[in-house]
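Okay, structure first, notes after.
Bear in mind that the values in this text are calculations on the coordinates, not laboratory data. These figures come from a predicted structure and were not determined experimentally. Neighbour counts are summed over all protein chains in view; Cβ atoms, including those assigned to glycine, are modelled from backbone coordinates with ideal geometry.
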Amino acid sequence: GKRAFIAGVADDNGYGWAIAKSLAAAGAEILVGTWVPALNIFENSLRRGKFDESRVLPDGSLMEISKIYPLDAVYDNPEDTPEDVKSNKRYAGSSKWTVQEVAESVKQDFGSIDILVHSLANGPEVSKPLLETSRNGYLAALSASSYSFISLLKHFIPIMNPGGATISLTYMASERIIPGYGGGMSSAKAALESDTHVLAFEAGRKHKVRVNTISAGPLRSRAAKAIGF
Ligand code: NAD
């Protein structure tokens, strides 16, 4: 069977959860990476059975998640993580949540993976038009939504089996005007799409790993509700 790591699952409403279910239904073992500030609620809800209905697979069994890893895809390794983040009480309760450490932990726990899914994005100023977006807001959107994919590939490709596949989720606002999708999120998706071409070339040649992105339709996930979509 294949083993999949899905980054960006924190409830049962988003694309990450749905993709995890499809992969589980197809027989894959499921590992997920959950944003540190959302980890406690997700684990508690899962434990209390809040997601049991949406865990049901086509054959009637419940999707099992072999392991949930705390993850913040904005940080690559402990050395580059600011002290105030490390000591923040939402983060201090978890450990090894930088991209590099999560990849190391997955390697230690499972050895290798076959599928990597990037289903995460964040834009602190998403509700501001691009014209009113600050430099910090813009860079934060690209850091969380675009570079995070590069960082995940960089650290996970070494533990991916040849012939493995990686995928991210993009949005049409990269090429058409979608008012409300601001804060540099449209730019972040354009970067993600362009990077997908380059990364596919590089990862394909060097490691026999595929890189793709899917331009998804609108879904009322937590992230989409937060911006009034
Ligand atoms: P979602 O809220 O279910 O997923 C986004 C996840 O990203 C959340 O679980 C959040 O905790 C996580 N996250 C945010 N910052 C993070 C960080 N720094 N490190 C790790 N995790 C972090 O919402 P979704 O809409 O399913 O989003 C999944 C992907 O689908 C995103 O890339 C989004 O842009 C894309 N997408 C969504 C839509 C839509 O209409 N919902 C349309 C097209 C593309």
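Points worth noting:
- Proximal charge balance of E193 [Cβ under 15 Å; K/R count +1, D/E count -1]: 0
- Using 0.36 nm per residue and subtracting the Cα-Cα separation, the extra length available between S134 and S54 on full extension is 24.9 nm.
- Considering only D80, D59, D12, the mean-square fluctuation computed in a Gaussian network model of the chain, springs between alpha carbons under 10 angstrom, is largest for D59.
- Rounded to 5, percent antiparallel among DSSP beta bridges of the chain: 5 percent
- Once the chain from L62 to I214 is taken as fully extended at 0.36 nm per residue, the excess over their C-alpha distance is 52.1 nm.
- In a fully extended conformation the segment linking R47 and A165 would gain 39.5 nm over its present Cα-Cα distance, using 0.36 nm per residue.
- Helical contribution to [θ] at 222 nm, DSSP H n ≥ 4, -39,500 (n - 2.57), averaged over the chain, rounded to 500: -11500 deg cm²/dmol
- Whether the chain is rounded, prolate or oblate, judged on the alpha carbon gyration tensor where a/c under 1.5 counts as rounded: rounded
- Cα gyration tensor, the stretch 1-62 - rounded (a/c under 1.5), prolate or oblate: oblate
- When both the stretch 214-229 and the stretch 1-33 are represented by their alpha-carbon centers, they are found 18 Å apart.
- Charged-residue dipole, Cβ positions (Lys, Arg, Asp, Glu), the stretch 86-143 about Cα centre, Debye nearest 20: 300 debye
- Of A73, A216, A190, the one that fluctuates the most in a GNM where the chain has Cα springs shorter than 10 Å: A216
- Ordering of 142-148, 178-184 by packing is 142-148, 178-184, highest average first (other Cβ atoms within 10 Å, averaged per residue).
- Vicinal HN-Hα couplings computed from phi for the stretch 126-135 (Karplus, 6.51 cos²θ - 1.76 cosθ + 1.60; Hz; Gly/Pro x): 3, 7, 8, x, 4, 4, 10, 7, 7, 4
- Residue with peak Gaussian network fluctuation, the chain [Cα springs, cutoff 10 Å], from A188, A18, A165: A18
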